[in-house]
1. Pairs only if they're at least six apart or on different chains, beta carbon under 6 angstrom, first in the range 150-163 and without any contact (Cβ under 8 Å) to a residue 40 or more places away in the chain, second assigned to a helix (DSSP H, G or I); list them, first residue then second.
2. Assess whether Phe158 counts as being touching a helix residue (DSSP H, G or I) at 6+ places or on another chain (Cβ under 6 Å) and at pLDDT 85 or above.
3. Cβ contacts < 6 Å: first residue touching a residue at least 12 places away in the same chain (Cβ under 8 Å) and farther than 20 Å from Ala115 by Cα, restricted to the range 285-303; second residue assigned to a helix (DSSP H, G or I) and of a type in the set (Gly, Ala, Ser), any location; separation 6+ or different chain. Result?
4. For the range 256-355, give me every one of the helices (runs of 4 or more DSSP H) that falls completely inside it and has 2 or more residues that are closer than 23 Å to Glu218 by Cα.
5. Keeping to the range 89-123, report how many residues are over 16 Å from Ile53 (Cβ atoms), touching a Lys or Arg at 6+ places or on another chain (Cβ under 9 Å) and of a type outside the set (Lys, Arg).
6. Only one of Ser229, Ser212, Ser219, Ser199 is more than 19 Å from Tyr22 (Cβ to Cβ) and small (Gly, Ala, Ser); which?
7. Starting from the range 73-98, keep only residues that are under 22 Å from Tyr110 (Cβ atoms), then list their pairs with residues that are in a helix (DSSP H, G or I) and of a type in the set (D, E, K, R) whose Cβ atoms are within a distance under 9 Å, requiring at least 6 positions of separation or different chains.
Amino acid sequence: MRWRFFNISAFFFFYFSLIGVYVIFLPKILQNIGYTPLQIGIIFSISPLMRFITPFFFLKRFKLTKELFHIALFFMLVTIGLFYLSLEDFYLFAFSNIVYGISTGLVLPYIEIYALKYLKKDNYGKSRLFGSLGFIIVALVLPRLLKDPYIGIHFAAFTIVCSVIFGYIISTSDISFSSNDKKEEKKFDFYKNLPLWISIFLMQVSFGAFYSFFTVYESEHGLDLTTVSYLWTFGVVCEILLFYFQAYFLKYDLLKIIKITVFITTIRWLFLFIYPDNLPILYLTQSLHAFSFALYHSATISFLYIIYENKKLSSQFYYGIGFGLGGFFGSLVAGYFYGKYLFFSSTIIALLALLALNAQSNRTLFKHRYD
């Protein structure tokens, strides 16, 4: 158990350090070298779109095997060279993000399900919080070093290499990583829970403004890059605390937990719309990240783990429908609405996600408690 916990935690640490570079600083890097808001929105929509498309190949044609996992790790390494070569060319950088989106879209869900299976709900959050720690370190350190766009790419390259190393160690040191489970071969049908998937999709669409433009948005409202990095860091600290104590919440009805987190997210975006330059309110909204991301993510992925026998594919579709298709449209919508009504649009979308959950709650499947 200890070596599993260490290797999984190390993977999460470096993988989400990479996400920190990508989400917090890449939009500003692209803006500084001349990308327009629409181009930034398009760039940040490509990787999620690839995450959405990828799972459909596994419904009939392919299987999620260890060999395929290793191929995905290899292409994560390939993205390092592509990023260096293409950063200043919009079209080439768009292609680089296609490769990045496909490879990461295969790797992370596989590790998530492995972690949930062997660490269980009690220890999954404690391992996953190391990803948040990596995210924080990047948020605190990189602003002081980001004097050249390629410094951000150096950080991304290092975190990719480390993520690949620990992903490979996990997959080769544990025979159970590639064990065959007949339940994993059963047909996957997400249409029977369509309102749930619609809600997952809309929830991530609402995050498009935050992930793609929060740094730029707050910079244009008078906050310096260091202050914005503190806001990111504070949100992740709150996220870490909830990851550590989340086992208590996950003992209760998961649908109710998911509903509460979506409602909190709606309030969060509304406050960002009304008070874009009020620092105390901004810290309050960042504290809500503990619920709108950490608890929402754990409750949702745990719920899917319970209701679907094909657990790997359910995780793939969670990332594909949510962070993939939802992230794709979220980035495009954010690029279109960028300006005064950016987070008002996010508020409306999150409210629609809550309404979709209410529609799903009428189904018999959700009338049980899951412990």
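1. Note: pairs meeting the criteria are Ile151/Leu145.
2. On the way: touching a helix residue (DSSP H, G or I) at 6+ places or on another chain (Cβ under 6 Å): no; at pLDDT 85 or above: yes.
Answer is no for this residue.
3. From the range 285-303, the pairs are Gln286/Gly235; His289/Gly235.
4. On the way: elements: 279-287, 296-307, 311-317, 327-337.
Answer list for the range 256-355: 279-287, 327-337.
5. Narrowing the range 89-123 to residues over 16 Å from Ile53 (Cβ atoms): 89-93, 96, 110-123.
Restricting the remaining residues to those that are touching a Lys or Arg at 6+ places or on another chain (Cβ under 9 Å) gives 110, 112-119, 121.
Still in the list and also of a type outside the set (Lys, Arg): 110, 112-116, 118-119.
Residues meeting the conditions: 8.
6. Values: Ser229 fails: more than 19 Å from Tyr22 (Cβ to Cβ); Ser212 fails: more than 19 Å from Tyr22 (Cβ to Cβ); Ser219 fails: more than 19 Å from Tyr22 (Cβ to Cβ).
Unique residue meeting the criteria: Ser199.
7. Listed by first residue and then by second, the contacts come to nothing, as the list is empty.
Okay, residues lined up against (1) more than 26 Å from Asn358 (Cα to Cα); (2) surrounded by fewer than 21 Cβ atoms within 10 Å (Cβ to Cβ); (3) aromatic (Phe, Trp, Tyr):
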site: Phe245; (1), (2), (3): yes, yes, yes
site: Leu250; (1), (2), (3): no, yes, no
site: Ile260; (1), (2), (3): no, yes, no
site: Ile264; (1), (2), (3): no, yes, no
site: Phe271; (1), (2), (3): no, yes, yes
site: Leu279; (1), (2), (3): yes, yes, no
site: Leu295; (1), (2), (3): no, no, no
site: Phe303; (1), (2), (3): no, no, yes
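The values are calculated or read from the model by the stated rules, or taken from the named source; none is laboratory data. Please read all numbers here as calculations on a predicted model, not as lab measurements. We place every Cβ from the backbone using ideal geometry, glycine too, and count neighbours over all the protein chains shown.
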